[in-house]
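A quick write-up on the structure given underneath.
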Amino acid sequence: MKRILIIFVTFFCFSSIYGQHLDIANPALLDLIDENSQVIKLHDGFQFTEGPVWNKEGQFLLFSDIPANTIFKLEPTGEIISFRKPSQNSNGLTYDNEGNLIIAEHSGRKISMLNSEGNYSTIVDNYMGTRLNSPNDVIVDSQGVIYFTDPPYGRPKNATDTLSFNGVYKYANGEIELIADDLYRPNGIALSPDERNLYVANSGQPKQFIKYPISRSGKIGKGKVFFDASELSGEGNPDGIKVDPEGNIFATGPGGVLVFTEKGELLGTIKFPETPANLAFGGQDMKTLFVTARTGLYSIRLK
């Protein structure tokens, strides 16, 4: 991919080991994470990290620093460079089936695309003629269908062209479809391995994870609470979500990274020195969990 801007950055900390931090609710958690796995801080000195995504072809990680208006790249060497600046205060990042980077832009108020040649374009920026609020997180299914959330976090305070709700959307074949308009702050979003269930995190109160069934024809059903995290202790809200190949859900929430079974049973929590916001599977064997947490970028090995 053509680099838009390359700047080497000096950070305060590299490869600090914090040790193993597991709060085990069910011993089955140890089938997914070795009890001796350690939380490692890879880099520090950011403003607010978010939206990590692993590039399998290039063996590198991209992630957003929202206030810094930058998408950073973690090189295979461990170095951090600036990949795209300005990024329109990007948040969630993902790749489509053609290897194009799909970006949820806060200040751009849209879902955009950066192709492998470095060409940038807008995918969708409005619903029924009104500008989107502030797209937060985005995923793409195996057929190229885009799902994204649209809370107001990055919307300008003086904006007048605003929607009266915070939506969850589906975008396919040039058409945008509203999936839900009843969540307080729709945030992280993910699909089950068979793409028959859509998971959405609702930040704020109630702190819940919602599951929406998807029919074989692609129709989205009514959402139901998959897990209510309102009574969990610890800092943080339901935010980023990723699902492993067996259907287990890894999601940031109160206390750290929560790990659930596909039936909504909490297996335990991975704790970090800072409050996690988002996460991504990566590494050569896809068994490293990268976690963006406030000013730092962390990792922990999985089984």
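Quick note: the coordinates plus some simple rules give every number you see, no bench work behind them. Here the structure is a predicted model, which means the values were calculated and not measured. So basically every Cβ, Gly included, is an ideal-geometry build from the backbone, and we count neighbours across all protein chains shown.
Numbers for the structure displayed
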quantity: Given charges at beta-carbon only (K, R positive; D, E negative), |dipole| of the chain in Debye; calculated: 460
quantity: Low-density loop cleavage sites - trypsin sites (Lys or Arg not before Pro) in the range 221-254, where at most 12 other Cβ are within 10 Å (DSSP); calculated: Lys222
quantity: Cβ-based net charge around Arg185, under 11 Å, with every Lys or Arg adding one and every Asp or Glu removing one; calculated: -1
quantity: Residue-wise HN-Hα coupling along the range 159-169, computed from phi with Karplus coefficients 6.51, -1.76, 1.60 (Hz; x: Gly, Pro); calculated: 5, 10, 8, 10, 7, 8, 8, 10, x, 10, 10
quantity: Rg and Dmax [Cα atoms of the range 14-301; Å; Rg one decimal, Dmax integer]; calculated: 17.6, 53
quantity: Nearest-20 debye value, the range 172-303 charge dipole, Cβ charges on Lys, Arg, Asp, Glu; calculated: 180
quantity: Selected from Ser64, Ser107, Ser90 as most flexible by GNM, with the chain as the system and alpha-carbon contacts under 10 Å; calculated: Ser107
quantity: Within a Gaussian network of the chain (alpha carbon springs, distance under 10 Å), most fluctuating of Leu163, Leu62, Leu132; calculated: Leu163
quantity: ³J(HN,Hα), Karplus 6.51/-1.76/1.60, whole Hz, each residue of the range 46-59, x for Gly, Pro; calculated: 8, 9, 6, 7, 7, x, x, 8, 9, 9, 5, 5, x, 6
quantity: Environment charge at Asn91 (Cβ cut-off 9 Å; Lys +1, Arg +1, Asp -1, Glu -1); calculated: -3
quantity: For the chain, with +1 on Lys and Arg beta carbons and -1 on Asp and Glu, the positive-most of Pro213, Pro238, Ile111 along the dipole; calculated: Ile111
quantity: Subset of Lys41/Lys170; Lys170/Lys207; Lys207/Lys287; Lys85/Lys303; Lys157/Lys219; Lys219/Lys263 violating a 31 Å alpha-carbon distance limit; calculated: Lys41/Lys170; Lys85/Lys303; Lys157/Lys219
